[in-house]
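The values are calculated or read from the model by the stated rules, or taken from the named source; none is laboratory data. Because the structure is a prediction, the values reported are computed rather than measured. All Cβ positions, even for glycine, are placed from backbone atoms using ideal geometry, and neighbour counts span all protein chains on display.
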Amino acid sequence: MPAGNMDALDKYDLIYQVIAAIPRGHVASYGQIAVMAGLPRNARMVGRALREMPGTFDLPWHRVVNHQGGISSRGGSESERDQRGLLEAEGVTFSGERVRMAKHQWEPEEAFE
């Protein structure tokens with residue numbers, strides 16, 4: 001089904017599937033997730049999907065960063081601190097406020113479908 005004919009919930013499901021696949025110790029950018037979900041140019045939709053994610057979902061949301069490796073502001077530094085702490089606990093390293101993308105960006109060996 002072409003992405004244009006899908007409703008937002010179907011698109012969110014694709015996004016959640018990609019996020020669920022990000023391995024421990026790696027990160028992916030919003031745009032990268034959108035492309036892998038078959039929704040290129042929809043990085044903002046990835047952000048919306050994360051904001052609207054049901055509390056019952058157990059996804060590694062903390063592995064999603066902006067294209068520069070930064071932790072996106074959510075209006076509260078506590079959430080940003082939590083995300084950084086979770087990433088560091090998985091061995092993700094930072095250069096200042098940014099994840100070392102060259103070292104930790106997820107590059108799946110197979111195409112995501």
Exercise for review: Name every residue in the range 48-71 that is among the β-branched types (Val, Ile, Thr) and under 18 Å from GLY91 (Cα atoms), in order of residue number.
Suggested key: VAL64, VAL65, ILE71
Review point. Residue check: is ALA28 touching a Gly at 6+ places or on another chain (Cβ under 6 Å), modelled with pLDDT of 95 or more and not aromatic (Phe, Trp, Tyr)?
Key: no
**Study point:** the range 6-23 residues that are more than 12 Å from MET45 (Cβ to Cβ), paired with ones that are crowded, with 17+ Cβ neighbours inside 10 Å and basic (Lys, Arg) (beta carbon under 7 Å, 6 or more apart)
**Key:** ILE22/ARG63
Review point. Counting just the residues of the range 18-38 that are of a type in the set (A, V, I, L, M) and surrounded by fewer than 21 Cβ atoms within 10 Å (Cβ to Cβ), which one comes out nearest to PRO108 (Cα to Cα)?
Key: ALA21
